[in-house]
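Note sheet for the following structure.
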Amino acid sequence: MEPKKQHFLLVTYPAQGHINPVLHLARRLAAANGAAVTFSTAVSAHRRMFPSLAAPDDEVQDGPVAHIPFSDGFDEEGFVWGTHDVHHYLSQLRTLGSSSVSSILQRLHGRGSPVDCVVYTFFLPWAADVARANGVPSAQYWIQPATVFAIYYHYFHGYSSLITTACNSEDPMSTTIDLPCLPSLRARDLPSFLTIQPDDPYAVVLSLFKDTLDTLDRKCALSSSKPIVLMNTFAELEEDALSAVEGLTLIPIGPILSSDAGRDLFKLDEKGYMVWLDSKPRGSVVYVSFGSMAAVRKEQTEEILNGMKDSGRPYLWVLRRECRWEGLELQDDDENGLVVEWCSQVEVLSHPSVGCFVTHCGWNSTVESLVCGVPTVGVPQWTDQATNAVLAEKSWGTGVRGEVNGEGVLGREELKRCLDLVMGEGESSVRIKRNVELWRDKATEAMSAGGSSYQNLRKFVDGITKSGQTIF
Ligand code: UDP
């Protein structure tokens, strides 16, 4: 008899940086593991992912993955940081999201396709409670590096005063912080939410990370086995961090990327950037992108524009509409530079003319640059990005981190200096390129059949089959 096909429900927050790694995992589970997969994000994002649906909230079968959205109460326009009240949103997300995801589980059960495991990302720890209430096991999927997970874990398990004291010291930029199994870090290398002032509107985000870890602690107390956290990283990349947390089983299953077209929340720019890339010499183009969320300041965009022009290097720059400040002189006829609103980033990073990625160091961008073998100039903005930048520079040697001025802006001269380090003729660029090739090969190996992450994902799926009920 054919073994029963497992059914996974993957639930994620409606942001591009959350949707992408979850969608990649969904496709991977379906393709490599033959599982049935249902993907669920908020209605507002679902509508943007499938703009041509006649009934916008319909279930959609997209290749091997079914999509059923949940409501977070912001179905029309979606929640916008800085515009809507964050406390109100988070409470809606929890209450409406819980009942919506619960009905999805019941609907799937009712039609003879019960869910065997709920996989959820951070900001949605309530999904674990919903799963438990419905008698379904669950696992957290961590979509930042294991190092960042371990930092948060330590912060909430006895190290908060050490971290806070170091951050408030006279010289917080150079005071080092030593946490178990992690490299020495400085305050500026920590996730920004740990150093944020309590009156900052984003201070509430730290409580979301606390909720995430509290949920795992509760699971730990309820179960005889350690709760599982799937990680979008690979064993060789973050060996120490992956063993830094004793009470949990951290399973590296990344770097997860799928070659299928993305389901983006932004419309692809139609300026023909791939053809433009075809016209440039191998390894010559600087790709610049600060991801889907960072509100890049006016001064920073001006410095990038001028730095790129002065450098004389061809550049492809993703500048989202909301970062196109008045007075910024973008020339459509500049042969050397192409500015687009959104592109297919993995396709761009895979193009042979791209020689460097000037990045905000979001974890997806970091992982994508590793897999595609593109060195980075890091210009971290917030959240986990400073830690990711230090990992790329110090732990893997695959890039450099730009130094910002007193206003937090990377100046044009510094940008040029960093580009020379990465793309120039000197020793540093040879060393960086060598490391980039090394990590690209290791990343590819981890994900290929028989590789460490491939096997881990298989074991996870087999574990659900054999003893799913223990993984609450
Ligand atoms: N991305 C893209 N096109 C763009 C810019 C970004 O497809 O023009 C994708 C990128 O490949 C990555 C995600 O958007 O998968 C951004 O995630 P990341 O974690 O790097 O940053 P965030 O947007 O969460 O800050």
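Restricting the first member to the range 12-37 and to residues that are touching a residue at least 12 places away in the same chain (Cβ under 8 Å) and among the aromatic types (Phe, Trp, Tyr), and the second to residues that are within 16 Å of the ligand (Cβ to nearest atom) and not in a helix (DSSP H, G or I), the beta-carbon pairs closer than 8 Å and six or more apart or on different chains are TYR13/THR41; TYR13/ALA42; TYR13/THR121; TYR13/PHE122; TYR13/PHE123; TYR13/LEU124. Going by the conditions given, is TYR13 within 16 Å of the ligand (Cβ to nearest atom) and either open to solvent by less than 10 Å² (accessible area, probe 1.4 Å) or not in a helix (DSSP H, G or I) (or both)? Judged against the criteria, TYR13 is a match. Apart from one condition, MET173 fits all of (1) assigned to a loop (DSSP other than H, G, I, E, B); (2) open to solvent by less than 10 Å² (accessible area, probe 1.4 Å); (3) among the aliphatic types (A, V, I, L, M); the exception is (2). Could we say that LEU93 is closer than 28 Å to ASN456 by Cα and either in contact with a Leu (Cβ under 8 Å, 6 or more places away or on another chain) or buried (at least 22 other Cβ atoms within 10 Å of the Cβ) (or both) here? Against the criterion (closer than 28 Å to ASN456 by Cα and either in contact with a Leu (Cβ under 8 Å, 6 or more places away or on another chain) or buried (at least 22 other Cβ atoms within 10 Å of the Cβ) (or both)), LEU93 does not qualify.
Hey, does the range 226-238 have a residue that's open to solvent by less than 10 Å² (accessible area, probe 1.4 Å), at pLDDT below 95 and under 18 Å from ILE151 (Cβ atoms)? The answer is no; no qualifying residue exists.
If I filter the range 256-298 down to residues being more than 26 Å from LEU23 (Cβ to Cβ) and of a type in the set (Lys, Arg), which single residue comes out as farthest from the ligand (Cβ to nearest atom)? The qualifying residue farthest from the ligand (Cβ to nearest atom) is ARG282.
For the range 383-390, does any single residue satisfy the condition of being away from the ligand (no atom under 14 Å from the Cβ), part of a helix (DSSP H, G or I) and touching a residue at least 40 places away in the same chain (Cβ under 8 Å)? Yes, some residue in the range 383-390 is away from the ligand (no atom under 14 Å from the Cβ), part of a helix (DSSP H, G or I) and touching a residue at least 40 places away in the same chain (Cβ under 8 Å).
Within the range 216-252, the residues that satisfy the criterion of being in a helix (DSSP H, G or I) and within 21 Å of the chain's Cα centre (by Cα) are LEU216, GLU239, ASP240, ALA241, LEU242.
Please verify whether SER243 is of a type in the set (S, T, N, Q) and open to solvent by less than 50 Å² (accessible area, probe 1.4 Å), treating the condition exactly as stated.
Judged against the criteria, SER243 is not a match.
For the range 385-403, the criterion of a residue being closer than 13 Å to VAL288 by Cα and touching a helix residue (DSSP H, G or I) at 6+ places or on another chain (Cβ under 8 Å) is satisfied by no position. May I ask you to verify whether PRO180 is in contact (Cβ under 8 Å) with a residue 12 or more places away in the chain and open to solvent by 30 Å² or more (accessible area, probe 1.4 Å)? So PRO180 passes the test.
Screening VAL118, VAL148, VAL130 for residues that are part of a helix (DSSP H, G or I) and over 25 Å from LEU237 (Cβ atoms) leaves exactly one candidate, VAL130. Within the range 305-363, the residues that satisfy the criterion of being assigned to a loop (DSSP other than H, G, I, E, B), away from the ligand (no atom under 11 Å from the Cβ) and among the basic types (Lys, Arg) are ARG313, ARG324.
Take the range 16-34 and flag every residue that is hydrophobic (A, V, I, L, M, F, W, C) and open to solvent by less than 10 Å² (accessible area, probe 1.4 Å). ILE19, VAL22, LEU23, LEU25, ALA26, LEU29, listed by residue number.
The residues of the range 425-462 that are open to solvent by 50 Å² or more (accessible area, probe 1.4 Å) and not in a helix (DSSP H, G or I), listed by number, are GLU425, ALA449.
Within the range 310-337, work out how many residues are crowded, with 17+ Cβ neighbours inside 10 Å and touching an Asp or Glu at 6+ places or on another chain (Cβ under 9 Å). Even if it seems obvious, please write down each step before you answer.
Of all residues in the range 310-337, those crowded, with 17+ Cβ neighbours inside 10 Å come to 311, 313-320, 323, 337.
With touching an Asp or Glu at 6+ places or on another chain (Cβ under 9 Å) added as a condition, the list becomes 311, 314, 318-320.
Total satisfying the criteria: 5.
So the check is Cβ under 7 Å with 6+ separation or different chains; which pairs have a first residue in the range 402-413 that's under 15 Å from MET173 (Cα atoms) and a second one that's open to solvent by 40 Å² or more (accessible area, probe 1.4 Å)? If the second residue must be open to solvent by 40 Å² or more (accessible area, probe 1.4 Å), the pairs left are GLU407/GLU299. Within the range 364-375, the only residue that satisfies the criterion of being near the ligand (Cβ under 7 Å from one of its atoms) and of a type in the set (Gly, Ala, Ser) is SER365. Screening LEU29, LEU93 for residues that are in contact with an Asp or Glu (Cβ under 6 Å, 6 or more places away or on another chain), away from the ligand (no atom under 16 Å from the Cβ) and assigned to a helix (DSSP H, G or I) leaves exactly one candidate, LEU93.
Against the condition closer than 24 Å to ARG48 by Cβ and surrounded by fewer than 16 Cβ atoms within 10 Å (Cβ to Cβ), how does PHE290 come out, does it pass? In short, no. Residues of the range 127-153 that are farther than 22 Å from THR41 by Cβ, open to solvent by 10 Å² or more (accessible area, probe 1.4 Å) and touching a residue at least 12 places away in the same chain (Cβ under 8 Å): TYR153 alone.
The values are calculated or read from the model by the stated rules, or taken from the named source; none is laboratory data. These numbers were taken from a predicted model, which means no experiment stands behind them. Glycine gets a Cβ as well: all are built from the backbone with ideal geometry, and neighbour counts include every protein chain shown. In case anyone asks, the SASA skips ligands and DNA or RNA and just uses the protein heavy atoms, side chains included. Shrake-Rupley method; radii C 1.70, N 1.55, O 1.52, S 1.80 Å.
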